[in-house]
Amino acid sequence: MSEMKFDKDFFWGAATSSYQIEGAAYRDGGGRSVWDMLARQPGKIANGDSGETACDHYHHYKDDVALMSEIGLQAYRFSISWPRVLPDGTGKVNQQGMDFYSRLVDELLEKDITPWVTLFHWDFPYALFCRGGWLNRDSADWFADYTALMVDKLSDRVSQWSTLNEPQCFIDLGHYDGTHAPGLKLGLSEVLLAAHNALRAHGKSVQVIRANARIQPHISVAQANKISIPESEHPDDIEAARQHMFSVREKHLFSNSWFSDPMILGQYPEEGVSLFAAEMPEIVEGDLECINQKLDYFATNIYSGVHVRAGKDDGFEVVEKNDLPVTQMGWPVTPEALYWGPKFIHQRYQLPIVITENGMANDDVVENGKVHDKQRIEYLYQYIGEYSRAIKDGVPALGYFLWSMMDNFEWAEGYNKRFGIVHVDYQTQQRILKYSAHWYKALIASHRSGALKDPATSIVDDQAIEAV
Ligand code: GCO
């Protein structure tokens with residue numbers, strides 16, 4: 001691989017989310033979320049796990065920020081638990097919850113780590129679910145009011161805001177497929193209505209941030225993008241992959257353009273509108289204007305891609321590959337996703353890119369107090385290298401967040417899947433920096449010193465780690 005190149009201002013971060021790490025869900029006055037509700041239903045989550053304790057970050061946040069600082073993170077992406085600050089989703093504020101996030105922000109700033117706040121990463125207030133959740137048109141206003149509360153509390157210190165994390169997942173997996181909270185299997189018309197309201201919530205939230213933030217805000221929404229990788233660099237395959245990536249030809253909502261187009265281009269993709277003709281929700285006058293708010297960049301979570309080539313009938317066909325290495329999640333390792341993803345997204349939406357999540361789950365083991373996760377280093381090395389190639393090709397990009405800062409509650413998979421660069425012992429809450437954390441530290445340090453060498457895969461033995 002050729003030498004990596006990132007601008008001087010390019011930043012390196014890591015990400016987590018509230019329900020996955022905080023624990024202490026109903027402590028200090030917090031309310032329940034739909035994930036607490038799902039976790040109580042037998043068989044929904046591997047091993048009957050729940051986020052009740054998780055990494056107990058609520059109590060360990062200072063130590064965790066100290067680890068971030070030790071790694072040299074320049075930014076930390078975390079989310080706010082809506083029911084922790086508003087136990088009923090609206091109305092009465094839980095001051096202790098608010099203060100927790102305020103202290104977390106202070107701690108980060110003291111260590112020179114930029115806080116990136118995601119307002120909603122799936123822990124929807126249970127009380128609002130009982131009022132219809134995202135199916136209720138008022139949900140957009142509930143979210144706007146909650147946004148106003150957080151902007152009032154944090155925007156004297158926070159400038160980076162994301163509204164929703166992966167609407168594709170909480171809408172499609174949560175309301176259609178039923179594997180994620182709230183665990184519903186609704187008809188397509190209800191799912192489309194929930195998606196429309198979530199989009200309106202996004203639009204209203206952006207407006208609230210712009211109107212009220214005390215320091216200049218930068219706003220995004222973190223998408224779950226499915227990446228299409230051309231099978232070859234032949235222009236026909238490239239075009240086929242590009243079309244495939246933004247096509248809406250299947251009757252579900254795990255779609256890129258269904259969410260990004262209205263937010264950024266101001267309309268639903270036509271292909272989807274005809275496909276869903278019988279199920280489309282009512283679009284009230286002004287809705288699309290509300291959804292279509294200026295964003296500062298395109299934030300996207302990228303893990304994997306599918307290979308696509310030009311096909312005879314409908315322009316493209318997916319190439320099944322059974323020989324790719326897979327992660328502990330069973331997801332294929334396809335580093336080129338971090339080349340083609342940013343490239344296609346930038347072409348269509350004309351916004352600078354931020355990777356808000358990328359990383360892998362691995363069967364990590366602790367041996368003599370160390371976690372030798374060389375598969376993760378290899379994965380990161382390859383993906384980051386491809387990202388750098390996209391940047392060299394002219395795609396503007398601001399930064400990269402590794403998923404995840406620490407092992408955590410992997411939703412329906414419970415604690416089985418370890419995504420962290422920091423290992424967490426869930427019995428003792430002890431943290432160990434994995435080899436990948438040392439590798440990342442070396443990469444960040446060399447970039448900051450202006451001499452990003454090829455961080456190579458050589459930093460996997462004890463001696464090299466100790467030399468970092
Ligand atoms: C995601 C989620 C994360 C997951 C990660 C691995 O945005 O899907 O943001 O919460 O843990 O992606 O599945």
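Condition first: in contact (Cβ under 8 Å) with a residue 40 or more places away in the chain and away from the ligand (no atom under 16 Å from the Cβ). Now tell me which residues in the stretch 390-422 satisfy that. ALA390, ILE391, LYS392, ASP393, VAL395, PRO396, ALA397, LEU398, GLY399, listed by residue number.
ILE215 passes every criterion in (1) more than 16 Å from the ligand (Cβ to nearest atom); (2) assigned to a helix (DSSP H, G or I); (3) more than 24 Å from GLU22 (Cα to Cα) apart from (2).
Conditions tested, residue by residue: (1) closer than 23 Å to VAL354 by Cβ; (2) of a type in the set (Ser, Thr, Tyr); (3) in contact (Cβ under 8 Å) with a residue 60 or more places away in the chain; (4) assigned to a helix (DSSP H, G or I).
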site	(1), (2), (3), (4)
HIS196	no, no, yes, yes
LYS204	yes, no, yes, yes
ARG210	yes, no, yes, yes
ALA222	yes, no, yes, no
ARG242	yes, no, yes, yes
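For ALA24, the criteria (1) over 30 Å from PRO335 (Cα atoms); (2) touching a His at 6+ places or on another chain (Cβ under 8 Å); (3) within 16 Å of the ligand (Cβ to nearest atom) hold in every case but one, which is (3).
Pick out, from the stretch 270-326, the strands (runs of 3 or more DSSP E) lying fully within it that include 2 or more residues that are within 16 Å of the ligand (Cβ to nearest atom) and crowded, with 18+ Cβ neighbours inside 10 Å. Break it down stepwise before answering.
On the way: elements: 298-301, 305-310, 316-319.
Strands (runs of 3 or more DSSP E) meeting the threshold: 298-301.
A single member of GLY132, GLY97, GLY89 is out of contact with any strand residue (DSSP E or B) (no Cβ under 8 Å at 6 or more places or on another chain) and over 14 Å from ASN197 (Cα atoms), and it is GLY97.
Checked against the criterion of being crowded, with 24+ Cβ neighbours inside 10 Å, more than 16 Å from the ligand (Cβ to nearest atom) and either within 18 Å of the chain's Cα centre (by Cα) or not small (Gly, Ala, Ser) (or both), the candidates VAL191, VAL208, VAL151 yield just one match: VAL191.
Counting only strands (runs of 3 or more DSSP E) wholly contained in the stretch 327-433, no element carries 3 or more residues that are open to solvent by 10 Å² or more (accessible area, probe 1.4 Å), in contact with a Cys (Cβ under 9 Å, 6 or more places away or on another chain) and over 23 Å from GLU70 (Cα atoms).
The values are calculated or read from the model by the stated rules, or taken from the named source; none is laboratory data. As the structure is a computational prediction, the values presented were derived from the model and not from experiment. For neighbour counting, all protein chains shown are included, and Cβ atoms are generated from backbone atoms with ideal geometry for every residue, glycine included. Each accessible area value is taken on the protein alone, full model and side chains, heavy atoms only, with ligands, DNA and RNA left out. Shrake-Rupley method; radii C 1.70, N 1.55, O 1.52, S 1.80 Å.
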